[in-house]
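Worksheet for the structure shown next.
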Amino acid sequence: MSKLPPVTTKRSRVVRERKVRERKREREQAHEELGRPDPLPTEPRAGLAKWFGGVVALLVAIVLTLLFFVYPYADGPGAGLALVEIDVTPTMTPAELADKLVAQGAVGSPAIFSVYLRMHGTGALVVGHHILSDALSPHELLARLERHGAGKIRVTIPEGWTRFDISKRLESSRVCTVRAFLDATTDAPLMKELAVDGPSFEGMLFPATYEFPADAEGNEVVREMFREFERRFSSLEDKNASGVKDLADSLGWGRKQIVILASMVEKEAVVDDERPIIASVFLNRLRDPGFSPKLLQCDPTAGYGCLVTETPACEKYVTGRITHDIVADEQNPYNTYKHVGLPPGPIANPGEKSLAAAMSPSTTRFFYFVAKGQGRHNFSESYAQHTAVIPPPRLVKADAGP
């Protein structure tokens, strides 16, 4: 009797297939484990990550401390003797600004200063011309470029200085550059705003002692000096009302002409008691119908013309010394030896005494004066008297009268 095959139930078949799958999975897992390196212990791996994170955090803290608390207050690379000029433009990047400051000797590292600028922000930088120092810390540099917290600088402007003289003192005092100030003295919009009639603010930059901010804008410096002029002129006008009225009635003069005459008096006079007399000489020439042509023959006017015009005669001009070629130069519009009446504008910035002398001159019959030494002059009513007291031929100086 043949042996029958075992009866295979559905349940036993399922069990057997499951075991086959499990054995296959175990074999695959074993092969995979053989090709994989042994894993590091969990605890040492976590400790290494923690240590590395701590080192990074410490380095970041050190860098930030240096960048925000040490670097900003470190001294500049120089000793403060070098003048640093820089123009900030609206599109200038931190890197470009840093490179310019390095080129001028105001910053040591362009990379670090550029990062400092980016961290601080550049939105408050003032566009325009700046005057700085090579000894300023990064924090001070940034404050100057933003024009705040820079402190005040005391500057004294003497009587009789021109705007050219003033510009040099302002630059040496680190208030603003020569260029920035001179540009402001001929700035058309500013002159229109302040109702100034003339070629420049010359004559209306009142000589006094001021406290200007370091690295100030040229326009603001001019505006402050002009306001002081207006205050002083208005006060003198009230005190000399009758003289001012007489000039208006007899010559049609206003503020502009009075200031021009006062500037001429300022450059000619040395002692105070002669100021009203010198003013009377020029006015007598303008008023007297018998004096013709009405040439005022004031040497300093020709000298000033050499500062603002370019003519062959002025090529060798040295401030304070007037040559025969200069007084003979018809191309010089300020030369009152060749052009009748007042010059086109003031030739200096007069003080109160010269302004008062122009408003209320002495009553005289003098038409001439010439220097006689020690700051004083000989005054004459006629040309014959004048020539009799003229010193021997010499190089004419700026303080010699007509």
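Bear in mind that the values in this text are calculations on the coordinates, not laboratory data. Note that the structure is predicted; figures quoted are calculated from it, not measured. Note: ideal-geometry Cβ built from the backbone for every residue, glycine included; neighbour counts use all protein chains shown.
Any chance you could run the full-extension gain for Glu159 through Glu310? It's 0.36 nm times the residue separation minus the Cα-Cα distance, nm to one decimal. Can you show the working numbers first?
Numbers: separation 151, 0.36 × 151 = 54.36 nm, distance 2.59 nm.
Roughly 51.8 nm would be gained on extension.
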Neighbour-count order for Met119, Met359, fewest beta carbons within 10 angstrom listed first: Met119, Met359
Full-stretch length increase - Gln374, His139 - with 0.36 nm per residue and alpha-carbon distance subtracted: 79.3 nm
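In region 295-402, which GluC sites (Glu not before Pro) fall in coil by DSSP and have 11 or fewer other Cβ atoms within 10 Å? Could the numbers behind the result be given before it?
On the way: sites: Glu310, Glu315, Glu330, Glu352, Glu381; in loops: Glu310, Glu315, Glu330, Glu381.
Sparse-neighbourhood loop GluC sites (Glu not before Pro): Glu310, Glu315, Glu330.
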Gap separating the Cα centres of region 138-167 and region 168-235, nearest whole Å: 12 Å
Dipole-positive endmost among Leu97, Leu132, His120 within region 73-145 (Cβ charges, Cα centre): His120
Cα centre as origin, Lys/Arg/Asp/Glu Cβ charges: region 152-234 dipole, Debye: 220 debye
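Do the alpha carbons of any pairs in Lys239/Lys353; Lys192/Lys239; Lys192/Lys267; Lys256/Lys353; Lys168/Lys353; Lys192/Lys245 sit beyond 21 Å of each other, and which pairs? Don't jump to the answer; show the numbers that get you there.
On the way: Lys239/Lys353 12 Å; Lys192/Lys239 28 Å; Lys192/Lys267 28 Å; Lys256/Lys353 17 Å; Lys168/Lys353 25 Å; Lys192/Lys245 26 Å.
Checking Cα-Cα distances, Lys192/Lys239; Lys192/Lys267; Lys168/Lys353; Lys192/Lys245 exceed 21 Å.
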Fully extended contour minus Cα-Cα distance, from Arg365 to Arg23, at 0.36 nm per residue: 109.4 nm
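Roughly how many debye, to the nearest 20, is the charge dipole of region 193-285 about its Cα centre, given +1 on each Lys and Arg Cβ, -1 on each Asp and Glu Cβ, and no other charges? The partial results should precede the final answer.
Working: 11 positive and 19 negative charges, 82 e Å.
Using Cβ point charges on Lys, Arg, Asp and Glu, region 193-285 gives about 400 debye.
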Cα-projected label distance for Thr89 with Glu230, points at 7 Å along beta-carbon direction, nm: 3.5 nm
Cα-centre dipole for region 73-145 with unit charges at Cβ (Lys and Arg positive, Asp and Glu negative), debye to 20: 160 debye
Extreme residue, positive dipole direction of region 152-234, given options Gly218, Cys176, Ala188 (C-beta unit charges): Cys176
